[in-house]
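Okay, so here's the structure we're looking at.
The values are calculated or read from the model by the stated rules, or taken from the named source; none is laboratory data. Just so you know, these numbers come straight off a predicted model, no measurement behind them. Positions of Cβ are backbone-derived with ideal geometry, glycine not excepted, and every protein chain shown enters the neighbour counts. Surface areas here come from the heavy atoms of the whole protein model, side chains and all, with no ligands, DNA or RNA. Shrake-Rupley method; radii C 1.70, N 1.55, O 1.52, S 1.80 Å.
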Amino acid sequence: MQKVEMTAQGRVQGVGFRWGVYSLALEIGGITGRVWNNDDGTVTILAACADNARMAKFIQEIRKGPTPFSKVSYLDVHLANFEPYKDFKISN
């Protein structure tokens, strides 16, 4: 199972970005994790998926910006070690 932590910078707060990430995870399917806003204006995403192709598509779509008003200027993606979640949720 591939597990990644991503930090998105750019216009990612106040534009429905977290909801877009959540919807994208459900649309692609097989992706579990969490997404939340950070105090510094970035958004963090923890995601796990058994299918590497699905994870690659998820990351690619996040880079594009999952909502019409979002703009990702930088996406830091690295492998992470966390206990996989059973679903995908927006956290506060």
If each DSSP helix of 4+ residues adds -39,500 (n - 2.57) and the sum is divided by the residues in the chain, what number results at 222 nm, nearest 500 deg cm²/dmol?
-8500 deg cm²/dmol
Taking 0.36 nm per residue of sequence separation and subtracting the Cα-Cα distance, how much length would be gained by fully extending the chain between residue 13 and residue 40, in nm to one decimal?
8.7 nm
Provide the per residue accessible area, probe 1.4 Å, for segment 2-90, rounded to a whole number of square angstrom.
55
Contour excess over end-to-end distance, with Cα ends at residue 2 and residue 86 and 0.36 nm allotted per residue
28.8 nm
Longest to shortest principal axis, alpha-carbon extents of the chain, angstrom:
30, 23, 20
Segment 2-90 - percent of accessible surface contributed by carbon and sulfur, probe 1.4 Å
48
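Please compute the net charge surrounding residue 85, taking Lys and Arg as +1 and Asp and Glu as -1 over other residues with Cβ under 12 Å from its Cβ. Present the calculation step by step, with values, prior to reporting the outcome.
Values: positive: 3, 34, 86, 89; negative: 83, 87.
Surrounding charge for residue 85 is +2.
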Approximate spin-label separation residue 64-residue 23, in nm, with each point projected 7 Å along Cα-to-Cβ
1.3
Using a simple charge model, +1 on the beta-carbon of Lys and Arg, -1 on the beta-carbon of Asp and Glu, nothing else, what dipole does the chain show about its Cα centre, in debye to the nearest 20?
220
